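Participant: The structure's right below; bear with me while I get my questions together.
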Amino acid sequence: MGLMTVKNAMTDADAPLVAKCRSGDRAALELLFRRHVDRVWRYAWFATRSREAAGEIVQDVFVRVAKSVKGFEGRSTFATWLFAVTRSVTMNFLRRRDRDERGRADSTYLHLVTADDPPGDGQQVDARDAVRKAVAELPGAQRDAVVLCELLRMSMAEAGEVLGWGQSRVKVTLFRARRALREMLEGRFSAEGLGQAERESG
Amino acid sequence: MNCEQAKGLIDLRVHESLGESRGESVKDAPELDAHVAACPRCRAEFEELLRVRGQLTTLAGDRPSDAEKNGMWTGVLKAMAMEKTTQSPSGSVLHWWARNRAMVFSLTGVAAVLALAFQIGNLQYGGGGSGGISGAMYSISGGVDSSDQYFGEVQSGVNEESGGELLERRADGPSSVRKNRLSPTGSDFKAVGTAGGEYTGGAAKPTALAPPPMPGVILGESQVHAALNADDANEPLPNGLVVRGTTAFSGMTPGTSPSLAAPNAVTVPPLAAAAREAPPTPLAVSTFRWMAEKAIDEKAEDAGGAERARTFSRAGWERERDANNDVPVANDDNEFFSGGVALNNGPSPRPVPQNLKIIRTGELSLECDLFSTAAERIERIVAEKGGFVANATSSEETGGAIVGTIVVRVPPERFDETFAALKAVGRIESENVKAADVTADYVDTEARIASLQITEQRLRELIANKSFVDKIASLLEVERELNRVRTQIESYQGQLRVMADRVSLATITVTIREPRRIVPSASLSVEVASLDVAAKALGETLASTGGKLLSGKTSKRGDGTLMGNYQIETNVARFGEVAGAIEGLGRVEERQIKDQQFGVAGEPWAEKVKCAIALVLFERSRQLPNASVGVEIDDLDSAMERLTAMLANHDATISSSQTRIAPDGADAADIRLRVPAGRFASMLDALDELGRMTSKATTGETENIVGGAAAVPCDITLSLSEKPREVPSGTMAVEVAAFDAARDALSRQIAERKVQVLASSSSQRGDGTWLGHFRLGVTARDMEAFVSALEKLGRVQDRHITGLGLGDLSRIDPTALGVIELTLAEKASLAPAPDEGSGSIRARIREGLRGFYSSIGLIAYGLAVLLPWLLLATAILGLFAGVRRWARVRNAAGDTRPPE
């Protein structure tokens, strides 16, 4: 994982690209886009539970990045900054959507079941879907913590920076989130299924 | 390690154990592991973390697809572009300026330098303007901001102060004087090298020298020469060049001013005052030119070739003069100095030999737009100069460029002006002027002739004197010798004549080459509706544009459509027009245009240079039509008559026909028609008029078939059938008094009229009466009589007979069978049926039973509803009774208790 901690902000792997990008280099922006799009998308996806919305958010994020990269001072890594932007765009999006959809039935998590899931036997696909649902069902702060720390593999310090929290808050939230996840998933799977999932990941 | 310490590290440790280091690492991992192993709480935490992690890793595959990513990126770009366009216009102008500032500056610089160069060129080439600055190559650096990254490659040798600098200039055109020098060896030039004067021949003298364009400009030698031609010879030249001279007649003495301070000073032979007045002679001009060049060359050699500017000094001139001191000098008699300019060859004037024989030849290679006009111009020029065209050949090279050679003879004294005039005809590729001195040869030959003539004279005298020893033999010998001498004299005289001819008329060989032109070509493939129409239009186009049809081939394809292959030649000027007209013929399927230049239509050569267009016109391939039509007609014969007329109108023929008669006597015909595809649709419409169209099935295209396919015969299968003829038939119901009697009467009728009994059935009804059904086949002819006979059988209850009017059998086959469904019903008796009573008893029993069952059911239902209540009531009563009994027993027991 190429992410550095805040301490290593000066040696941010994205720094040269960011510098080019700042002078309006379209190609550099595209490289940055390719490098981070998966993670930004995944964050947005878990937050919005919709592929379309995630795509929209990714676009907004990178348009914002292109516009305001000049204001990025390199005090943190580009990645943490990017996720701060992503988070704010996502929040705006969710606020807007909530306003639009107020009174409508709560959107289901069916969006999360994707057609391009890697193939596996029924149980595995089922398990993955359950994990997705569980993550998506977490309360906002816990979900952010889990997505950033666990799915996007950020350190707590980085996640704290993205979320604007202290490290201890990240830790506590993450702890609670894990507990909640375990509770949600435990009722669902036999020990065998979990073992399989673990073996697969191992 | 205690739990408190472990707690903070477990998270990291889990990540590490999953092989996901995050830059931080657990320092005392073994200790932590030991603690986790020992402490059940921490182990639980560790395992839980591991498990959640494990579950979450299953989601690692969740990511957008590549297509989605690309879509998002496009979205980003679009959004950015949208934002850009919504910026204020002034901002975008500024933006453009900021981006292209460097380019604007450099273009301005280039333009300035070009304008300057053009000005100089004009002066230099005598203001003729014909040569312009063609052939010149520039390496230019404009006002380029060196910090700008966009034009880095133009910046070699940038000079940031000057507005632009002409670093180098090479010109292969008229300025390459060195090529045309007079033969620099021998005595030719020395003999005449004293002439100070202009060398541009008849060309207009420049009236002013261009001021130094800018500091630091280095001029080519042509400009030095131009400067030499300036009226004021003392005008300082750019770059410190100084031309010095005097107006005094001083011949070969170069530069009277002894103080040639400037190191790069050019000193040329001053122009004699007399020479200025008199028209310059060609030879003098050539000589001067050679001298100037020679000096320039030497100067350049002295400087090691490092200096671009060819300049020379007084020393060079003096060397030149010393070396040439022994050269004879022209005198008044010299034919080449016909201007009569007396020249003084400095300190040691020498006479120029008489009858100097010089053969002047020039070779000129020109590039002209059009050979023909160039040739005309050359002829005109030569005629003006008193010469003639000795030979002209031309040939066409591949690509249509014409290359030709014109050999021109002119009087030698007009050689230079002719040569100069010829040079103006086109762009000069190379030029070469030679002057070969054949004086020695000429004199030699003359001397030989003279001596041979003396010999001849003596031989003649010998013969005349007859002073021979051995007369006959000697006479023969002498005469043979005389012949030999005579032949030799003639041969020499011939040589002399040739020489004299070549001396008396200079030869200029002009090679004219049309530029290698980019000739457009096109290959078009156009789908047209009809090839004939399109070909006609094409012909009109070619006629109006002066094009030619080189070849044309028409072929017919399988479906009858036509395809034409054409090779068209047109001239370059009308190429676009012709190609456009062709594209207008139909739908362009393929278009390949090569080397089309725009804006050449107005060029004079464009009218004459041919270019080729390969064209394929083809008709759209057709799905030929095919139809099958069914028409109901009144009468076959009249329909056939009308059909025949229609066929004549539509060029159609009947390929087969078959008639048949239907069972009901109606005529029908199956006809196969062959109709040209072009008339197919109208034929179909016409068929509609024959009668009522009952079916119509078409395949393929029917409408708008034109071109070759229109003539292809297509089939229509026509099925004509007369309206079906209905034979009278129907149903009848007759109530008869007695069934048997009626049946007998019917049988008689049947027998009498040969009626077919198709089916019959009779049955006795409940009341003992009979009912009969008969299905009878009756010929149409007998139908009417038979029906009326049936009516007499009894009372007609129902009669429903359809068909053509019963009396009119003209349109139907009288023997056709009609079917009558006849029902004969015996009149029902009024007596009550005996069975009725028994039936009602059974019904009554059934009724009674049903009542019984239903009452049983009701009772059961009532019981079922009441039973729980009864049970409940019983239970309550029992309970009540029990309680009372118990109370009684207790009271009784209380009464028996003894007092305390």
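The values are calculated or read from the model by the stated rules, or taken from the named source; none is laboratory data. All values reported here derive from a predicted model rather than from experimental measurement. Please note: Cβ atoms are built from the backbone with ideal geometry, for glycine as well, and neighbour counts cover all protein chains shown. Ligands, DNA and RNA are stripped out before the accessible areas are found, and what is left, the full protein with its side chains, is counted by its heavy atoms. Shrake-Rupley method; radii C 1.70, N 1.55, O 1.52, S 1.80 Å.
Participant: Round to the nearest 0.05 the FRET efficiency obtained for B:Glu481 and B:Ala436 when R0 = 41 Å and r is the Cβ-Cβ distance.
Facilitator: Taking R0 as 41 Å, the efficiency between B:Glu481 and B:Ala436 is 0.75.
Participant: So, one more: Counting pairs of alpha carbon atoms under 8 Å apart in space and at least six apart in sequence, what relative contact order in percent does region B:559-697 give?
Facilitator: 28
Participant: Right, something else. Give the interface area between chains A and B as buried accessible surface, both sides summed, probe 1.4 Å, in Å² to the nearest 100.
Facilitator: Its buried surface, counting both partners, is about 4000 Å².
Participant: Obtain the nm distance between the two label points defined at B:Glu607 and B:Glu540 by a simple spin-label model: each point lies 7 Å from its Cα along the Cα-to-C-beta direction.
Facilitator: 2.5
Participant: Same structure, new question: Suppose R0 equals 41 Å. What FRET efficiency, 1/(1 + (r/R0)^6) with r the Cβ-Cβ distance, do B:Glu397 and B:Glu490 give to the nearest 0.05?
Facilitator: The pair B:Glu397/B:Glu490 has a calculated efficiency of 0.40.
Participant: How much length is gained on full extension from B:His773 to B:Asn649, taking 0.36 nm per residue of separation minus their Cα-Cα distance?
Facilitator: 38.8 nm
Participant: Mind checking the mean number of beta-carbon atoms from other chains within 10 Å of the Cβ atoms in B:734-746?
Facilitator: So the per-residue partner count for this stretch is 0.
Participant: Quick one: what are the phi-derived ³J(HN,Hα) couplings along region A:51-68, Karplus 6.51/-1.76/1.60 with θ = phi - 60°, whole Hz, x for glycine and proline?
Facilitator: Ordered by residue, 3J(HN,Hα) equals 5, 4, 4, 4, x, 4, 5, 4, 4, 4, 4, 6, 5, 4, 4, 4, 6, 10 Hz.
Participant: Moving to a separate point now. Kindly list the residues of region B:765-780 that lie in the label zone of B:Thr731, defined by a backbone N under 18 Å from the point 7 Å along the Cα-to-C-beta vector.
Facilitator: Counting only backbone N, you get B:771-778.
Participant: State, to one decimal in nm, how far the label point of B:Gln756 lies from the label point of B:Ala390, with both points 7 Å from Cα in the Cβ direction.
Facilitator: With each label placed 7 Å out from Cα toward Cβ, I get 12.0 nm.
Participant: For B:Ser521 and B:Gln764 in one chain, what is 0.36 nm times their gap in residues minus the Cα-Cα distance, to one decimal in nm?
Facilitator: Extra length available between B:Ser521 and B:Gln764 comes to 77.2 nm.
Participant: Determine the shielding of peptide A:154-167 by partner chains: average, over its residues, the number of Cβ atoms on other chains within 10 angstrom of each Cβ.
Facilitator: Counting Cβ atoms of other protein chains within 10 Å of each residue's Cβ and averaging gives 1.
Participant: Ignoring ligands, DNA and RNA, what accessible area per residue does region B:573-666 give at 1.4 Å, in Å²?
Facilitator: Accessible surface, normalised per residue, equals 54 Å².
Participant: So, R0 is 51 Å and r is the distance between the beta-carbons of B:Thr509 and B:Ser474; what FRET efficiency does that work out to, to 0.05?
Facilitator: Taking R0 as 51 Å, the efficiency between B:Thr509 and B:Ser474 is 0.45.
Participant: Show A:Arg22, A:Arg35 ordered by accessible area, largest first, where the area counts protein heavy atoms only and the probe is 1.4 Å.
Facilitator: Descending order: A:Arg35, A:Arg22.
Participant: While we're on this one: Sort region B:494-579 into rounded, prolate or oblate with this rule: let a ≥ b ≥ c be the square roots of the eigenvalues of the Cα gyration tensor; rounded if a/c is under 1.5, and if a/c is not under 1.5, prolate when a/b is larger than b/c, oblate otherwise.
Facilitator: Prolate, since a/c reaches 1.5 and a/b exceeds b/c.
Participant: Follow-up question, since we're still on this one. Within the set B:Lys556/B:Lys696; A:Lys20/A:Lys67; B:Lys536/B:Lys608, which residue pairs have Cα atoms separated by over 21 Å?
Facilitator: B:Lys556/B:Lys696; B:Lys536/B:Lys608
Participant: Per residue of B:40-52, how many C-beta atoms from partner chains lie within 10 Å of its own C-beta, taken as a mean?
Facilitator: 3
Participant: So, in nm, how far is label B:Leu549 from label B:Ser65 when the simple model puts each one 7 Å beyond its Cα toward the Cβ?
Facilitator: Distance between label points: 5.6 nm.
Participant: At a 1.4 Å probe radius, carbon and sulfur cover how many percent of the accessible area of region B:696-754?
Facilitator: That share works out to 50 percent.
Participant: Here is a further query. Report the extension gain between B:Arg885 and B:Arg557 in nm, rounded to one decimal, defined as 0.36 nm multiplied by the number of residues separating them, less their alpha carbon distance.
Facilitator: Here the answer is 105.6 nm.
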